[in-house]
Structure formats: C-alpha cells, structure tokens
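Notes follow once the structure below has been shown.
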Amino acid sequence: MQVIEVTEFGDASTLERVERERPDPGPGEVRIDVKAVGVNFADVMQRRGHYHGGPQPRYVPGMEAAGVVDAVGEGAEREEGERVVAMVDGGAYAEYVTAPAVALFDVPEGTSFREAAGFPVQFLTAHHCLHEWGGLEADERVLVQAAAG
C-alpha cells in the first residue's frame with residue numbers, strides 16, 4: 001500500500017510517498033480502507049518538529065482517518081463494510097490504517113468521508129476546551145469570533 005512519510009522535520013517538501021505492507025488488525029482492532037484523512041494543526045507542528053513528544057522522522061503522520069472497515073480483528077465488535085472515522089495515534093496518511101474498534105465513530109449516511117475526516121480532533125479539542133477547561137455550563141453561551149477561534 002502507499003503511505004505518506006515525513007522524511008525529516010520541515011515544510012511540506014519533507015513528505016514522501018512510499019510503499020509499506022498493509023497492516024493486519026490485532027485483537028480489538030479493525031483495518032480501515034481509508035477514503036479521506038484529516039490534516040490539522042497538530043500534524044503540521046509534528047512535521048515541523050515543534051510538537052512536544054511528537055514522532056521522530058521517518059514516520060507516517062495523521063491522526064484522523066475516515067473510510068470503510070475492511071477487516072476485523074478478534075474481539076472487535078464491528079463489521080466489514082461499516083462507514084467509520086477513527087482518531088489514531090499517527091499513521092492515517094495511508095491507504096489502510098488500523099484502529100481500536102472502541103475508538104471509532106460511525107459516519108452517518110449523507111456525511112462525506114471528507115467531512116468526517118475533519119471531525120474527531122477538532123470536535124474533541126473544542127469540546128474539551130469548552131467543558132473541561134472552560135467550565136461551560138448548560139445555560140451559558142460562547143461567541144466564536146472567527147473560524148480559527
């Protein structure tokens with residue numbers, strides 16, 4: 001399968017397409033036939049070498065992958081053919097990626113894989129910031145002044 005690797009820290013020119021073996025899902029995991037990936041700020045900062053505790057080159061970046069379950073590991077309560085999006089610990093810039101079955105979100109009909117792939121990291125970051133750090137209560141409101149806000 002084809003993957004995108006970060007060959008060294010730097011700009012987008014450090015990305016290289018290479019061949020790797022297709023992964024098999026382990027116990028409790030599924031393999032996803034990737035249709036779209038999220039590219040977010042954390043991926044860019046990792047690639048630049050400015051992400052504390054981030055991976056070292058050579059590595060396959062990507063924290064979000066949306067696609068179709070094409071293989072199910074022992075004990076994983078998912079089925080082949082399901083439309084899912086996963087938040088993974090790197091490796092999403094690939095044709096196939098494995099993920100824990102419990103870490104998947106279903107992709108509703110009518111939602112594109114592209115839309116789904118941009119969801120997990122951004123949603124969970126915003127939710128955490130509002131509710132865990134910000135202490136947002138049910139009757140309070142938030143004004144977001146810009147799309148990047």
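Residue count for segment 51-86, restricted to those that are under 13 Å from V6 (Cβ atoms) and either loosely packed, with under 12 Cβ neighbours inside 10 Å or touching a Ser or Thr at 6+ places or on another chain (Cβ under 7 Å) (or both): 3.
Can you name the residue in segment 92-114 that is without any contact (Cβ under 8 Å) to a residue 60 or more places away in the chain and under 12 Å from the mean Cα position of the chain (by Cα) and, of all such residues, is least open to solvent (accessible area, probe 1.4 Å)? Among residues in segment 92-114 that are without any contact (Cβ under 8 Å) to a residue 60 or more places away in the chain and under 12 Å from the mean Cα position of the chain (by Cα), the one least open to solvent (accessible area, probe 1.4 Å) is A92. Can you pull out every residue in segment 1-52 that is within 30 Å of V72 (Cβ to Cβ), modelled with pLDDT of 95 or more and assigned to a loop (DSSP other than H, G, I, E, B)? Listed by number, the residues that qualify are M1, R20, E21, R22, P23, D24, P25, G26, P27, G28.
The test for being touching a Gly at 6+ places or on another chain (Cβ under 7 Å) and either closer than 26 Å to A126 by Cα or not in a strand (DSSP E or B) (or both) holds for V97. Residues that are in a helix (DSSP H, G or I) and surrounded by 12 or more Cβ atoms within 10 Å (Cβ to Cβ) within segment 125-149 comprise T125, A126, C129, L130, listed in sequence order.
The values are calculated or read from the model by the stated rules, or taken from the named source; none is laboratory data. Every value quoted in this text rests on a predicted model; they were computed, and no experiment measured them. Every residue, glycine among them, receives a Cβ derived from its backbone with ideal geometry; neighbour counts consider all protein chains shown. Quick note on the areas: whole protein, heavy atoms, side chains included, nothing else; ligands and nucleic acids left out. Shrake-Rupley method; radii C 1.70, N 1.55, O 1.52, S 1.80 Å.
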